[in-house]
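Nothing in this text is a laboratory measurement; each read-out follows from the coordinates by a stated rule. Everything numeric in this text was worked out from a predicted model, so none of it was measured. Because the Cβ atoms are built from the backbone with ideal geometry, glycine has one as well, and the counts that use them run over all protein chains shown.
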Amino acid sequence: MMLVTKRMLCAMLIAVITMGCYQLAPNVSLNNQNQLENFIPVQLASPFPLRVNQIAAIESENLELKLLAVKNDSRCPSGVQCVWPGLVEIVIHMTRHERDAELILIDQEGDADSANQTFDGYLIKLIEVTPYPQKNQTIEIEDYSATLVISEE
């Protein structure tokens with residue numbers, strides 16, 4: 001009788017260990033999936049959208065860009081009459097080889113130069129930030145997307 005109990009205990013222990021291992025696997029794959037969703041390959045001179053905390057990479061140039069934040073969005077909301085059109089300001093982090101920099105791009109009507117920055121021989125241009133503000137509506141940080149273009153200087 002004692003032999004059966006030890007076998008049952010052993011079988012239960014193996015089952016518990018196996019179930020515990022099985023439970024860990026989905027979490028690991030979800031983390032990998034999240035990392036893949038936050039990483040997008042892009043091409044030089046081709047516009048691409050980038051969400052906050054997402055990384056764009058041009059592998060052939062060993063260049064990465066991450067949208068860190070939408071620091072300021074004072075654009076005049078649709079449906080509202082404003083004295084000035086406002087602006088939107090984003091912060092990006094650029095990395096190439098062992099060099100990196102934090103850049104600020106500002107989209108302000110009438111000032112195209114503020115929407116451009118250079119880094120390590122590349123021109124980074126802010127094309128658009130979406131969504132555009134609406135009257136009586138709050139935009140959450142994770143809803144923002146910036147359309148950018150990177151080209152050689």
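Details
- Kirkwood hydrodynamic radius (C-alpha pairs) into Stokes-Einstein, the range 66-108, 37 °C and 0.692 mPa s, D in µm²/s: 276
- The Cβ shell under 10 Å around ILE90 holds other residues with a net charge of -2, Lys and Arg each +1, Asp and Glu each -1.
- ASN62-ASN116 pseudo-label distance in nm [points 7 Å out on the Cα-to-Cβ vector]: 2.7
- Placing a label point 7 Å from the Cα of LYS135 along the Cα-to-Cβ direction, the residues of the range 64-81 whose backbone N falls under 17 Å from that point are 75-81.
- Net charge, LEU63 excluded, C-beta distance under 9 Å - Lys, Arg +1, Asp, Glu -1: -3
- 5 angstrom amide H check on VAL52, placed H, neighbours 5+ away: TYR144
- Alpha carbon convex hull of the range 39-152, volume per residue in cubic angstrom: 91
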